[in-house]
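K.L.:
Take a look at this one; I'll ask things after.
The values are calculated or read from the model by the stated rules, or taken from the named source; none is laboratory data. Just so it is clear, the structure is predicted and the values come from calculations on it, not from any experiment. Cβ coordinates were reconstructed from backbone atoms using ideal geometry, including for glycine residues, and neighbour counts include every protein chain displayed.
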């Protein structure tokens, strides 16, 4: 049992440096993209395509922002689903941090994005459209790690000044605050984020290690093979948990080969981070909330079972 603990710890610590680098890159990407996202971009004929493109960026804050736009009546149901389905939460970082699993990431993301676009357009076509309201040009949202998404959190004082000399001292204060926020965002946040994800990975590795220790790897593989068509359903149920840990569990099991591609797709398509929690909290219509969750779960399981069936036919 000690060997299981040590192996799980070492495997997790091995991934930690790569996770830190990945999360720094994600912060830069999010910082660049978030200030350019507005409600206008998520309307019109290209909205599901743009929604799927936004969702694939590995940061759950975009799912929260899309949820707020939807509950405000600013975007359509299909657009919201496109964002949810393409979102992978922590899975991208987990798979990028594990060199042995990087090759599994690209097909996963491609299938998710294409499917998100298809579902988004289909739902917008068949579901009766409600009249969309005007929202603020930029809507901000706090993600699962307290990141502000949808605007530049450091630009609150970037207004044009009429008298530069009069505000010189004030400018210096703002520059210091800006540098402090930059260090916090691009150094401290990625480090804490990576440590949290590493802890989740350790927990998954340790639990799987215990199962393999007592059950044996052969029996576990045989069991997972026997429930192949149930994997998408089970993974989708895990993915419904509004927490980053759910996507870490699914991604790690997929990276280790315990979970099939179909199961991973199903679980990660339904895994919208805390977006679902915000939907349940802020959506005034319980019926509409159940419709969103039902469509998200049903389309995710359908994709997982379809991919599983195709993979069995090909093999």
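K.L.:
Give the residues of segment 97-112 that are within 14 Å of the chain's Cα centre (by Cα) and either surrounded by 20 or more Cβ atoms within 10 Å (Cβ to Cβ) or modelled with pLDDT under 90 (or both), sorted by residue number.
P.N.:
If the condition is that a residue be within 14 Å of the chain's Cα centre (by Cα) and either surrounded by 20 or more Cβ atoms within 10 Å (Cβ to Cβ) or modelled with pLDDT under 90 (or both), then 108, 112 are the ones that fit.
K.L.:
In addition: Name the residue that is farthest from residue 242 (Cα to Cα), counting only residues in segment 55-69 that are crowded, with 24+ Cβ neighbours inside 10 Å and at pLDDT 80 or above.
P.N.:
Here the answer is 69.
K.L.:
Out of the residues in segment 169-183 that are under 28 Å from the mean Cα position of the chain (by Cα) and surrounded by 12 or more Cβ atoms within 10 Å (Cβ to Cβ), state the one that is modelled with the highest pLDDT.
P.N.:
Top of the filtered list is 181.
K.L.:
If residue 257 satisfies every condition in (1) in a helix (DSSP H, G or I); (2) out of contact with any helix residue (DSSP H, G or I) (no Cβ under 7 Å at 6 or more places or on another chain) but one, which is the exception?
P.N.:
Here residue 257 clears every test but (1).
K.L.:
Determine which member of the set 91, 82 is modelled with pLDDT of 90 or more and crowded, with 24+ Cβ neighbours inside 10 Å.
P.N.:
82
K.L.:
Quick one: residue 241 ticks every box in (1) buried (at least 23 other Cβ atoms within 10 Å of the Cβ); (2) closer than 22 Å to residue 202 by Cα; (3) without any contact (Cβ under 8 Å) to a residue 40 or more places away in the chain bar one, so which box is it?
P.N.:
Condition not satisfied by residue 241: (1).
K.L.:
Sticking with this one: Mind checking which residues of segment 184-206 are exposed (fewer than 15 other Cβ atoms within 10 Å of the Cβ) and either in contact with a strand residue (DSSP E or B) (Cβ under 8 Å, 6 or more places away or on another chain) or more than 20 Å from residue 25 (Cβ to Cβ) (or both)?
P.N.:
Selection gives 199 alone.
K.L.:
To continue, here is another question. For segment 246-280, enumerate the residues that are under 18 Å from residue 101 (Cβ atoms), modelled with pLDDT under 90 and surrounded by fewer than 23 Cβ atoms within 10 Å (Cβ to Cβ).
P.N.:
256, 257, 258, listed by residue number.
K.L.:
Name, by its number, the condition in (1) buried (at least 24 other Cβ atoms within 10 Å of the Cβ); (2) at pLDDT 90 or above that does not hold for residue 123.
P.N.:
In the conditions (1) buried (at least 24 other Cβ atoms within 10 Å of the Cβ); (2) at pLDDT 90 or above, residue 123 misses (1) alone.
K.L.:
Kindly establish whether residue 32 is part of a helix (DSSP H, G or I), over 13 Å from the mean Cα position of the chain (by Cα) and either modelled with pLDDT of 90 or more or crowded, with 16+ Cβ neighbours inside 10 Å (or both).
P.N.:
no
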